[in-house]
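Read through the structure below, which is laid out as structure tokens, and then see the notes.
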Amino acid sequence: MSDIKTIEKEALAAIDAAASLDGLDAVRVAELGKKGRVSGLMSGLGKMSPDERKENGPKLNALKVTVEEAVRARKAVLETKALEAQLATEKVDLTLPPAPGPRTGTLHPVMQVFEEIAAIFGDMGFTVAEGPDIEDDWHNFTALNFPEGHPAREMHDTFFLDAPEGGTPKVLRTHTSPVQIRTMMNQKPPLRILVPGRVYRNDWDATHTPMFHQVEGLVIEEGIHMGHLKGCLIDFVKAFFEVDNVVARFRPHFFPFTEPSAEMDVQCLREGGMVEVGKGAEWLEVLGCGMVHPNVLRNCGLDPATHQGFAFGMGVDRLAMLKYGMPDLRPYFEADPQWTRHYGFAPWTTPSVSGGLS
Amino acid sequence: MKFTLSWLTDHLATKAGLDEILALMLKAGLEVEEVVDPNQTLKDFTVCKVIEAVPHPDADKLRVCTVETVDGTKQIVCGAPNARAGMTAIYAGLGAYIPGLEFALDKKPRAIRGVESHGMMCSTKELNAGEDHDGIADLDDSLPLGTPAAVALGLNDPVIDFEVTPNRPDWLGVQGIARDLAAAGAGRFIRSDAKKVPGSFDCPVEIKLEAPDACPMFAGAMIRGVTNGPSPDWMQARLKAVGIQPKSLLVDVTNYISLDRARPLHVYDAAKLRGTVVARLGKAGESLEALDGKTYKVTPEMCVIADGSGVIGLGGVMGGASTAVSDETVDVFIESAWFDPLRTARTGRATGIHSDARYRFERGVDPQSCVDGVNLALELILEHGGGTASKLNAAGSIPARIDKVTFYPADVERLTGLVVKLPEMRRIIKDLEFDIEDAGDAWYLLPPSFRFDMEQSADLVEEVARLIGYDSLPVTSLPEPVGGRRAITTPIQERVRVSRRVIAARGFLEAVTWSFMAKDHAALFAKHDPALAVANPVASELNQMRPSIIGNLAVAAQRAANHGEPGARLFEVGPIYLGDGPKDQRTVASGVVRPANQRHWQGKPHAYDSYAAKADLFAVLDALGQPGERFQVGAPTQPHWHPGQAACLKLGPKVTVGHFGAIHPGVLKALGVDGPMFGFELNLNALPQMKTRPTKTKPVLQRADLTPIRRDLAFLVDEAVPAGDLVKHAVGADKQLIVSADVFDVYQGAGVPEGRKSVAFEVTIQPLEKLTDEDIQGLMDRIVASVAKGARGVLRG
């Protein structure tokens, strides 16, 4: 069986030379097919003596395996080549634009800041409460200890709705404080609420808009004093401005619905139209606050000798300006796509104290 | 309220400098708004001596001066006609900023017509310190070289402007400011009570009060033989410093006392008065030519001062022109009355007059100050204008306050957390001029007559806390809430939060638009509700509370298109108003799209349409955990939707939760907006509250083991039959097995009879156990029967 070596050599050469899958298959048939050379030799085994068979059997088998392996290997090479050739003809221009879809939208910064504030106070155990924009005089003023005809009422530039025949006109709430009243009248202390909402004052210039946003806070609990008010609000500004070294000060002020009353300032640096909290030597007013006035407690059916707590209110639009650098209030309400895209927030941003506010 | 530091020291013995006074004002609650300190603004200017002044070789009007200055001997070219040798003048060195000219001198000497000038000599006008036009300031030669200009000009008196809160009208007088600052620790309050001025004759002017509620007390006196010239320099300087132009002694004295004591006065030329002076209510038809030259209509609401000639003043607001004092006035009658704050405020509002008197009376003038007011005026006028005073004439009286305020010293710690020793509290309360009756746990306090804001213990707590200083209060973080923590937000707020994010993620920009809109625009969205009209709108196009957000968004989308953004997608989640009651407000999520004409190289993209709006709306519902299939689609029930290309979304026959589709072209036209526009509106309050499960654990997954089976079916139906009906009836054939029926083709045309359409859908069956071919065929037969019965659909062969 001296030609085993020759056949192997020739077969491997033919396989190697096969340039196409069809050519390779022809070689395979010629060697391994029913009438192929290798198959022919294999079928000759039956006619051999046991000794010859013992000697040639393994050799022939090895030849068969070698040729089969070579065919398989060559086939893989040729298939890859064929695929490459085919893919080379399938090229597309991927610099072309995809089918147009809407760009992801953005969230309004004021709404974002509402949520930031709610997240911070939520972390301090406050829950969110809401109330109507259209209020009656009692909830907006009288119950909050604004006496009839008191000049403090005039500070508010109130919007009135048309009065019904012989009735008193409804007002657009000038602050979120009436929700304090509604809450104290409908729920029993202890109370820890946060009230975000739209408020309205008849004033429209570079720094005032007829509608703006406030957040009101109210805590009515045993033993709560002005030191807690300071602590709570200092904790808030630190969290809100995301700086630890906020320097805050409280100044006496007048609000009809708190006694004692205060305004809170934070120290800041104003430079190049930007405000940086936690630096500098200037003071920036951020909110009004105080201990809930005993008359307000009484108006809500609570005894000031046994109930006490604090309230605060802040302008959200201005806080948003301070934190995010919007230079002007007016575009807030213009639904201008350029402005909203620039100052807005991605829809997947959800403020949380632990996960970061912004 | 403006005052000067030196004026304050009339009433306050203090060692405190300006900065310390400002800090104490802040601590006591007097919010400083502006401080102008001439020592600062004029720090670059000093007294100089002109040694020589010779004509400029090249200019007739210029002089070359040799000047002795703080910087040494300087050559200064000066254009002032009064520059002369031996003069004492004001020098500004190189680089100094000249406030009156609003520029700074060059830092290097400048040649003026060839002669170098090393600085400037200034007029008071150039220092914003006077009006002289003769040339440069010509000062007293006794002033030493180098004296600061502020000192030399008598301007070294800082002016402080601060906000007077409505509860403290006593701060509208410098005396009141000094009292609080003394209590805050600035020094000692100097009492300067009015001295009784003896009169030498009975006051010839009769006073009568006919409206004691409006004007319960009127004190007056006359001075005969007064000279109404200019007021003394010191008084003029103080008035000017706080922004009041001096006029004449008599007028200046009234202004001065108003500022010094918060006590408004009025002076009449007695020769012009006709008979008895009466304080009464106005009568219809009366009018007054006031001191401001304008004529005001008098109403029976107003308190007026009248004499035989008619109305001569609006009580507490403004006097009249006919009885005004002038340079010729010889006999003057002084009025010191008290007017009801509320009525004064109403008169002020009705006339639009903003006078210092109105400002004080409407906030509250010390009712016990009428007589003092006359005496203070008499003293100043007699001293500076001469004449002889009458005896005082007073009509009416105001009883002194007798009801005491109970103060519990323990409330200070209870309400503020601040521990204050009793003697310290007593000192503060005394300094504020309360009378104290100490009964141990409770103190009974009689407030001074100029305080109207003292009612109860908490009011005193504020006095003690503010005068010790809020800085001294503890800083205590809030304790854990009593009864543990609860969810921060309500379900509605959670819906707001989720829907905003879903809509923004689908390509919409969030807007916040006004809660109001134009009345005629609002009427396009809901029947006009007069209860929602704004009586005093800030602008005429914002005079109705909005019944829908769609209008504001459509207008904004058009505005964006006009500014080069044609395809705006805007949304807002906010309030709409269905009435003026507290439960009539709804929170609505609304979106508007103005489809832009888009092109793409693969073919024209599908423009945003009613179906896209439907997809957006259902995406929100899905995110809110509201399964879309529970809602029914019906004809729109609001007027601003296209009747054929928009729909409402219902939950049963009664509850409408939202709308979507094309906005009515007529509405768009009326809004001034180019169509088409599409949108959606979802009432977040109308959605049912999903059942909260008692546990957070999710139910066990029921995995479908068998492969779903899909079959296509096509029906011929009347063209008016909604495809949704076919689907509903197809699924209704076996709600257990049929998971969905998805329409993939709607066809009218060749092969389909006129008036009918072909609707094809794919039915998905989820077998619960192995189904035979017969089972499936049976199901198909039931679908065909159900669709035939419910929608008169015929299976297409």
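FYI, it's all coordinate maths here, none of it is from the lab. For clarity, every value in this text was computed on a predicted model and none was experimentally measured. Cβ coordinates were reconstructed from backbone atoms using ideal geometry, including for glycine residues, and neighbour counts include every protein chain displayed.
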Handout entry: For chain B, calculated [θ]222 nm from helices alone, where every DSSP H run of n ≥ 4 adds -39500 (n - 2.57)
Key = -7500 deg cm²/dmol
Practice task
Mind giving me the FRET efficiency for A:Arg103 and A:Glu242? R0 is 35 Å, r the Cβ-Cβ distance, nearest 0.05 is fine.
Solution key: 0.80
Practice task
Taking amide H positions as placed in the peptide plane 1.01 Å from N, state which residues far from B:Ile51 in sequence (5 or more) or on other chains have amide H under 5 Å from it.
Solution key: B:Thr66, B:Val67, B:Glu68, B:Gly86
Problem - Theoretical FRET efficiency, 1/(1+(r/R0)^6), r = Cβ-Cβ of B:Glu210 and B:Ser477, R0 56 Å, to 0.05 - result: 0.35
Handout entry: C-alpha center-to-center spacing [the stretch B:683-742, the stretch B:90-136] in angstrom
Key = 88 Å
Practice task
Could you give the size of the charge dipole of chain B about its Cα centre, using +1 on the Cβ of each K and R and -1 on the Cβ of each D and E, expressed in debye and rounded to the nearest 20?
Solution key: 3380 debye
Completion exercise
Taking the alpha-carbon centre of each part, the distance from the stretch A:285-358 to the stretch A:107-155 in Å is 9 Å
Exercise for the section: Relative to the compact-globule scaling 2.2 N^0.38 Å, provide the ratio for the alpha-carbon radius of gyration of the stretch A:3-88. Expected result: 1.26
Fill in the blank from the handout: Measuring from its Cα centre, the protein assembly as shown shows a charge dipole (+1 at each Lys and Arg Cβ, -1 at each Asp and Glu Cβ) which, in debye to the nearest 20, is 4480 debye
Problem - Phi to ³J(HN,Hα) by Karplus 6.51 cos²θ - 1.76 cosθ + 1.60 over the stretch B:456-468, Hz, x for Gly, Pro - result: 8, 3, 4, 5, 6, 4, 5, 4, 5, 5, 6, 7, 7
Exercise for the section: Could you check the simple spin-label distance between B:Ala535 and B:Lys297, using points 7 Å along Cα→Cβ, in nm with one decimal? Expected result: 1.9 nm
Practice task
Please give, to one decimal in nm, the separation of the simple spin-label points placed at B:Lys604 and B:Gln75, each 7 Å out from Cα toward the Cβ.
Solution key: 8.6 nm
Fill in the blank from the handout: The equivalent-ellipsoid semi-axes of the stretch B:491-683, taken as the square roots of five times the Cα gyration tensor eigenvalues and listed largest first in whole Å, are 25, 21, 16
Handout entry: Computed Kirkwood radius, in angstrom, where 1/r is averaged over Cα pairs of the stretch B:617-665
Key = 11.1 Å
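Order these peptides, B:302-314, B:599-611, B:572-584, by their mean beta-carbon neighbour count within 10 angstrom, highest first.
Result, highest mean first: B:302-314, B:572-584, B:599-611.
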Handout entry: Average beta carbon contacts from partner chains per residue of B:484-494, 10 Å cutoff
Key = 4
Completion exercise
Along the dipole axis of the stretch B:379-525 (charges at Cβ: +1 for Lys and Arg, -1 for Asp and Glu; origin at the Cα centre), the most positive-end residue among B:Ala389, B:Leu446, B:Ser457 is B:Ser457
Fill in the blank from the handout: FRET efficiency (A:Leu284, B:Asp622; Cβ distance; R0 51 Å; to 0.05) is 0.70
Problem - Cβ neighbours within 10 Å from other chains - mean over B:417-426 - result: 1
Fill in the blank from the handout: Cα-based Debye curve of the protein assembly as shown sampled at q = 0.06, 0.08, 0.09 Å⁻¹ gives log₁₀ I(q)/I(0) of -0.72, -1.06, -1.22
Handout entry: For the stretch B:709-795, average projected area of the Cα convex hull in nm²
Key = 5.2 nm²
Fill in the blank from the handout: Computed over the stretch B:207-396, the convex hull of the Cα set has an average projected area, in nm², of 9.3 nm²
Exercise for the section: For every helix of n ≥ 4 consecutive DSSP H residues, a contribution of -39,500 (n - 2.57) applies; sum these over chain A, divide by its total residues, and give [θ] at 222 nm rounded to the nearest 500 deg cm²/dmol. Expected result: -12500 deg cm²/dmol
Problem - Too-long pairs where the Cα-Cα distance tops 25 Å, listed order kept, from B:Lys196/B:Lys294; A:Lys170/B:Lys527; A:Lys34/A:Lys54; B:Lys27/B:Lys247; B:Lys728/B:Lys757; B:Lys583/B:Lys691 - result: B:Lys196/B:Lys294; B:Lys27/B:Lys247
Practice task
Just the ratio, please: alpha-carbon radius of gyration of the stretch A:109-343 over 2.2 N^0.38 Å, N its number of residues.
Solution key: 1.02
Exercise for the section: Give me B:Thr295, B:Thr489 ranked fewest to most by other Cβ atoms within 10 Å of their Cβ, as a rough exposure proxy. Expected result: B:Thr295, B:Thr489
Problem - Net dipole in debye of the stretch B:207-396 [+1 Lys, Arg Cβ; -1 Asp, Glu Cβ; about Cα centre; nearest 20] - result: 420 debye
Practice task
With the convex hull built on the Cα atoms of the stretch B:638-750, state its orientation-averaged projected area in nm².
Solution key: 12.6 nm²
Fill in the blank from the handout: Diffusion coefficient in µm²/s returned for the stretch A:159-212 by Stokes-Einstein, Kirkwood Rh over C-alpha pairs, 25 °C and 0.890 mPa s, is 184 µm²/s
Practice task
Using packing as a proxy for protection, rank A:258-265, B:150-157, B:230-237 so that the peptide with the highest average count of other Cβ atoms within 10 Å comes first.
Solution key: A:258-265, B:150-157, B:230-237
Fill in the blank from the handout: Rg from C-alpha atoms of chain B, normalised by the globular rule of thumb 2.2 N^0.38 Å, equals 1.49
Problem - Per-selection Rg to Rh, the stretch B:37-102 - Cα, Kirkwood hydrodynamic radius - result: 0.99
Problem - Listed residue (A:Val275, A:Gln338, A:Ala13) projecting farthest to the positive dipole end of chain A, Cβ model - result: A:Ala13
Fill in the blank from the handout: Simple SL model, points at 7 angstrom along Cα→Cβ for B:Ala704 and B:Asn685; separation in nm is 4.0 nm
Handout entry: log10 of Debye I(q)/I(0), alpha-carbon scatterers only, for the stretch B:431-518 at 0.11, 0.17 Å⁻¹
Key = -0.72, -0.89
Problem - Volume of the Cα convex hull of the stretch B:405-472, divided per residue and given in Å³ - result: 75 Å³
Completion exercise
In terms of the charge dipole of the stretch A:88-131, which places +1 on Lys and Arg and -1 on Asp and Glu at the beta carbon, the residue among A:Leu94, A:Gly105, A:Phe121 farthest towards the positive end is A:Leu94
Exercise for the section: Using only alpha carbon positions, build the gyration tensor of the stretch A:67-113, then give the equivalent ellipsoid semi-axes as the square roots of 5 times its eigenvalues, largest first, whole angstrom. Expected result: 53, 16, 5
Exercise for the section: Using per-residue counts of other Cβ atoms within 10 Å, averaged over each peptide, order B:748-760, B:239-251, B:31-43 from highest down. Expected result: B:239-251, B:31-43, B:748-760
Practice task
Using a 10 Å cut-off on Cβ to Cβ distances, tally the other chain neighbours for every residue of B:338-345 and report the average as a whole number.
Solution key: 2
Exercise for the section: Provide, in order from the shortest bin, the percent of all Cα-Cα pairs of the stretch B:40-152 in each 5 Å bin, continuing until the bin that contains the maximum pair distance. Expected result: 2, 13, 25, 27, 22, 9, 2, 0
Fill in the blank from the handout: All alpha-carbon distances of the stretch A:110-204, grouped into 5 Å bins from 0, give the whole-percent distribution 2, 13, 19, 21, 18, 14, 8, 3, 1, 0
Practice task
Could you tell me the distance between the Cα centroids of the stretch B:298-359 and the stretch B:383-442, to the nearest Å?
Solution key: 31 Å
